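A quick write-up on the structure given underneath.
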Amino acid sequence: QVQVVESGGGLAQAGGSLRLSCAASGRTFSSLIMGWFRQAPGKEREFVAASRWNTVYADSVKGRFAISRDNAKNTVYLQMNSLKPEDTAVYYCAVQTTGWEMTRAGAYDYWGQGTQVTVSS
């Protein structure tokens, strides 16, 4: 069992920044694929970024968002810069314990409760 706890999020103006944090416990953190997904109202959940030994980003956030991890703290971060109103969504942290599919939501085994990010224009 892996416990996933997110923090951060909130309200930002367009062009601003926010940082999300996600702590995972219960497994050897360095071996886990850690991913961020988001879901806007009326839309399907979509991939944002993921990290293991490499990092992968959705085209929509490339160059604006950065995923990083601190294996000593069992924590992954999502730094979100140059925010746009279309980034408004509930952001979810996810953990994948086996496999290599970093962008597919169904490949992840454990999910956080989600944290709201709202970007005003």
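Could you please let me know if V76 is surrounded by fewer than 21 Cβ atoms within 10 Å (Cβ to Cβ) and either in contact with a Pro (Cβ under 6 Å, 6 or more places away or on another chain) or at negative phi (or both)? So V76 fails the test. Remark: V90 falls outside the filter, which requires a residue to be more than 14 Å from V48 (Cα to Cα), in contact with a strand residue (DSSP E or B) (Cβ under 6 Å, 6 or more places away or on another chain) and touching a residue at least 12 places away in the same chain (Cβ under 8 Å). Count of the stretch 3-50 residues, restricted to those that are of a type in the set (A, V, I, L, M, F, W, C), closer than 19 Å to D109 by Cβ and buried (at least 16 other Cβ atoms within 10 Å of the Cβ), is 14.
Please indicate, with yes or no, whether at least one residue in the stretch 93-107 is under 10 Å from the mean Cα position of the chain (by Cα), at pLDDT 95 or above and open to solvent by 10 Å² or more (accessible area, probe 1.4 Å). No; the residues of the stretch 93-107 include none that is under 10 Å from the mean Cα position of the chain (by Cα), at pLDDT 95 or above and open to solvent by 10 Å² or more (accessible area, probe 1.4 Å).
The values are calculated or read from the model by the stated rules, or taken from the named source; none is laboratory data. Quick caveat, the model's predicted, so the values are computed rather than measured. Don't worry about glycine lacking a Cβ; one is built from the backbone with ideal geometry, like all the others, and counts go over all protein chains shown. Surface accessibility is based on the protein's heavy atoms, side chains included, excluding ligands, DNA and RNA. Shrake-Rupley method; radii C 1.70, N 1.55, O 1.52, S 1.80 Å.
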